[in-house]
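Since the structure comes first, as structure tokens, the remarks are kept for the end.
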Amino acid sequence: MTSPVSSPAPVIGARLINKTVSSTQPLLHRTPSQASFSSSILKAGTATPSRTQPLNETGSVRCIQSLTQRPAGNALALTDDSGDSVLTLAQSDDYVFSGSQHGSIHVWNRDTYQLEKVLHGHTAGCLSLALDIGRRVLFSGGGDGKVRAWDMDSLKCLYVVHAGVNSGAVLSLEYAEASDLLVLGCQNTSIQWFNVGQKDLVSRSERRREMESRRSRFFDDSVEAILVCVPSLPLAGDDEPDSSEFYVISESSIVQYAHSGYVYGLLVSGNVLFSAASDGAIKQWQLAEHGMEELAELSRSFSDGDLPEDLSVHALALDDGLLFAGLQSGDIEVWDLETKQRIRVLHGHSGNVYTLLIHNHSLFSGSADGSVRIWGADLQSLGWIASSGDAVLSLAISMDDILISGSSDNAIAFWDVSVMEPPADAPVPPMAVPRRRRGRRMMQALDQWIRFKSVAGVPELQPECRRAARFLKDLMRQLGANDARLISSTPASNPIVYARFDASPQTDLCETPTVFVYGHYDVMPAGDELLWKTQPFELVGRDGYLYGRGVTDNKGPVLATLFAVSELHASGDLPLTVVFCIEGEEENGSQGLHETIASNRALFGRPRLILLSSSYWLGESTPCLTYGMRGSIRANLRIESTRPADVHAGVWGGAVTEPLTCLSHILAQLADPSGHVTIPGFHDSVRPVSDKESAAMRELVQWISAHESAAPLVARTVMSPPESQASPKSTASWESVGPIDARDDLFDQLMRRWRFPTLTVHHVDISTVAARTNTTLIPAAAQASLSVRVVPDQSLEDICQKLRSHVETIFNQMQQSRHASNKGVLDNLRLHLDVHPNAQWWLADPDTPVYQAAAKAIREEWQMANQAHVPLLIREGGSIPAVPWLEEFFGPDAIAVNLPMGQSSDNAHLDNERISLVNLYVFLVSRQGKLRLVKWYITLPQKEKAKIVKEVSQLVLARRPKLCNFIEHKDTKVVYRKYASLYFVAGIDMDDNELITLEIIHRFVEVLDRYFGNVCELDLIFHFQKAYFVLDEMIMAGELQESSKKTVLRVMAQQDETEATENAERGWGDINLEGIARTAMVTVQEFKQSFTR
């Protein structure tokens, strides 16, 4: 891979180069081009591209995510305020690597755009990156004269390669796979190479002696001499331990004065190396294991005979016999390598061309003018992309058509250039690309869906709601739904979007269990758009998050579920029918939902699992599972005078009634100043807090205090001291509050939010606009809106009646008191009270098999298998009217699972609503190769076993259905067969019979099917020990022992009988554990596959 960046950033880069080269390392062969380096870059940086409209403004190219590379803490990094320019980029299947001006390497997750790690080691800028894909090693070249090798899996430094004496900065880096050489282009005009495969032929002691010989003899007794004059020795700030491996490039592996200027660009093609430098020369070299030799130099002649000062070549790219060279002038030269002639010059940039790359025969060029230009195979300009305005220093591109650009303003942008049709001979993308393209398709769909202002309850926006519903219906059809339609609700409400994905194989909908996916497409109003950092109804990606109204509540989670189910359906791995019910009135009280579902009952089958994602994590990094929500009651209270209008307080005060005073008196008697509801009998039916519940809450608080204390929700509500105690300069922290007191406060707060009932006054208003603004008027009417949150085992009807009775009692007492003491009052008061239940409370049992399966799936997918507290079992203080009603309507077998995808900082219902791509992506992507059962008949280390399982799973899952069932893996044969959603795989010796092995697999599955009765994946999840018993009866020590199905089943029946007898003796005989588990099993299977595959 060619180094994407050929020189540092404007001004900053020049300062970096000057700082890298100390006074003891004079610049060699300083050319006029080098002398004007800084000034020419300054001039180039102020230039602007042409005035044609950029592709990202016309919609042809879309920025799907932008990241900010922030300086990492490094004591030896530069301390100026110049930022942290993105000098170089590289990417693997899993990560994007960005080299920074301060020497660190930022590692970004390729799928979720999250920062995984920052690699430290270089003491000056990281100027170049290269990959050894076979060894999975990342090489980084720095301004400190070192090359570091990093393991791309563990992200740890493997070893350090020290460049030759006085090499200066390693400006460019290339790995040549054919000759196994790592080639360095250096600041001192040399080109050096390092044989990666033969690096250990020189002993460590010899390498140490070489390093010792590089010390300055003038400062023999000075420790500082080692640090200043020999930057290639390990420094105190290095990340790797003192015992880490190091290597040295000797003089025999250096071409001194390969150019007469800085070697900015290197490019490898097979065993041929191309180099470019600030002297304007482009050279061709032959690579071999022993080194390299010059083949040719491309002749550059100019009509006036004088070399221009902006001749420097900063970047190279190669495609189909054409060599492209990016110049400091902003032009791009095109060379025919067969004739060694320059055939064309591409004009378009007005500043230094820092980086070039080829993708599908198209050329991409990044320049100091802040643009990325795209050139077609015919060398015609296809347009340009406007970056942030700062210099584009580095480019990279993936097989799934995502262009990555790095700029001098610390920005990394990801551009979707898939609109450019690839040529017919474009390379076939690897396996991971279709998966990423599906993910990008979901992002594109979400981008379009967010643009609909689907706010329910606003008449002028009802057409927008209907367009949003039609868009979702059409998308469901495109994704393969067997049925997708709009179901009319009540006349004034928005339609329900219905879709059905049939199981594989298809069964009768009325008789088969189904999974019922609930969600909503209506959103809250944007509010004050000035508070938004982005346009509310446009999807914007920034720093690993997606911003826009509805991304987390609830359009993002709905699409993630839809695409997951669609993927399973397309692959034939959907064992249960899944029906979607996406309403458009959730934020408006779910108007018409109950009637619509009841009148279309036959469309939904017999739901066993009701799946939704409509709540949020308690923190930022720990997944949660919601198992309870409070119910709600809405009330409107209005007190009005019998007089028709407002009156003047100075004229009529004391002689007329005052509705606002009366309303205030009633509201004050609903709850005390601490918030405790004072309605008589209100708390009588509240379920007592059990010891188990209290202990679970204490454990939850303990976890939060240890892992989530910095989360915005926790920090905002618990860590902040009272306003009267907080100083303007104080910053709240766990330590400042006190860990024990803070935990107690958090415990009490969560109990108040989740466990106990509350009453809230939302709004108080008066009758006229004049009364609101004129402080001399007595309003003729006053009203208030309030809500009550109820908890188990409060009855909605009972609480409604007690609230009505309490308010009416207070009002009647006021009337009697007023009539007894104020007989001269001219008017009277009337009470209007509207109290109605809105949502029933909901509480699930987190110990049921359904929730246990959900928790296990979450732990596996978030790689937290050893953390028993994950997911955090939480409850919500809010209410979702549909959930308890759906459970009741579909009968006792329907179990609701609320699987949150949002974090506590998602700002649902607020400005700057967002969702993390980590959360959205994990629930979308199918992680193939879930291990349900494994049996080893040879002894291997656990690490080796895990490696074999991973490699074999990838091989098997990549096979097309029509291919044979036998493949080779190293020194073994792999025999596999697919049944429904499961692959049964056996590894055998090379001389074993594949057909017999295939028959043994089939016999094993037949026994399982006979034993479990229509076996499915859930049987292996919940009864894995039974599956092992069957396997042990058939195979022992890797050899077939029993082939008779009847014999194996007879033995299994005897074991079950013995187990049942033992359970009866323990007092479990009357409990049908099998039946209880199976009731939940049917509901879990699709849940497991939709969200954890």
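Just check the stretch 607-685 against the gyration tensor rule for me: Cα atoms, a ≥ b ≥ c as the square roots of the eigenvalues, rounded for a/c under 1.5, and otherwise prolate or oblate depending on whether a/b exceeds b/c.
On the way: a/c = 3.03, a/b = 2.72, b/c = 1.12.
It is prolate, given that a/c is not under 1.5 and a/b is the larger ratio.
Classify the stretch 511-652 as rounded, prolate or oblate from the Cα gyration tensor: take a ≥ b ≥ c as the square roots of its eigenvalues, call it rounded if a/c is under 1.5, otherwise prolate when a/b beats b/c and oblate if not. Don't skip to the answer; put the middle values down first.
Numbers: a/c = 2.78, a/b = 1.61, b/c = 1.73.
Because a/c hits 1.5 or more and a/b fails to exceed b/c, the stretch 511-652 counts as oblate.
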Task: Summed residue charge, Cβ within 14 Å of Glu289's Cβ, Lys/Arg positive, Asp/Glu negative - done: -2
- [ ] Mind jotting down the distance between the C-alpha centroids of the stretch 790-835 and the stretch 368-412, whole Å?
- [x] 69
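Quick one: order Lys555, Lys943, Lys950 by neighbouring beta-carbon count within 10 Å, fewest to most. Each step should come with its number before you reach the end.
Numbers: Lys555 28, Lys943 8, Lys950 12.
Result, fewest neighbours first: Lys943, Lys950, Lys555.
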Open item on the list: Once you place label points 7 Å from the Cα toward the Cβ at Arg209 and Asp1032, how far apart are they in nm?
Closed with: 6.2
- [ ] Quick one: check the C-alpha center-to-center distance for the stretch 840-881 versus the stretch 623-655, whole angstrom.
- [x] 38
Task: Rel. contact order, % - alpha carbon contacts under 8 angstrom, at least six apart, the stretch 309-423 - done: 15
- [ ] Report the relative contact order of the stretch 918-1043, percent, no decimals, based on alpha-carbon pairs under 8 angstrom and at least 6 residues apart.
- [x] 19
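Counting Lys and Arg as +1 and Asp and Glu as -1, what is the net charge of the other residues whose Cβ lies under 12 Å from the Cβ of Glu994?
Numbers: positive: Lys973, Arg977; negative: Glu968, Asp989, Asp991, Asp992, Glu999.
My count for the surroundings of Glu994 gives -3.
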- [ ] Kindly identify the stretch 309-423 as rounded, prolate or oblate by the Cα gyration tensor criterion: order the square roots of the eigenvalues as a ≥ b ≥ c, call it rounded if a/c is under 1.5, otherwise compare a/b with b/c, prolate if a/b is larger, else oblate.
- [x] oblate
TODO: Express in whole angstrom the spacing between the alpha-carbon centres of the stretch 118-180 and the stretch 962-1040.
DONE: 45
TODO: List the lysines whose Cα lies under 24 Å from the Cα of Lys935, skipping any in the same chain that are fewer than 8 positions away.
DONE: Lys856, Lys943, Lys945, Lys947, Lys950, Lys970, Lys973, Lys978, Lys1026, Lys1045, Lys1046, Lys1088
- [ ] Provide Leu87, Leu295 in ascending order of the number of other Cβ atoms located within 10 Å of each residue's Cβ, fewest first.
- [x] Leu295, Leu87
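Arrange Ile343, Ile191, Ile1035, Ile666 by Cβ neighbour counts within 10 Å, fewest through most, would you? Numbers along the way, then the final one.
Numbers: Ile343 11, Ile191 25, Ile1035 17, Ile666 20.
Sorted ascending by nearby Cβ count, the order is Ile343, Ile1035, Ile666, Ile191.
Laboratory data are not the source of any read-out in this text; all were calculated from the coordinates shown. Here the structure is a predicted model, which is why all the values come from computation and not from measurement. Cβ: placed from backbone, ideal geometry, glycine included. Neighbour counts: every protein chain shown.
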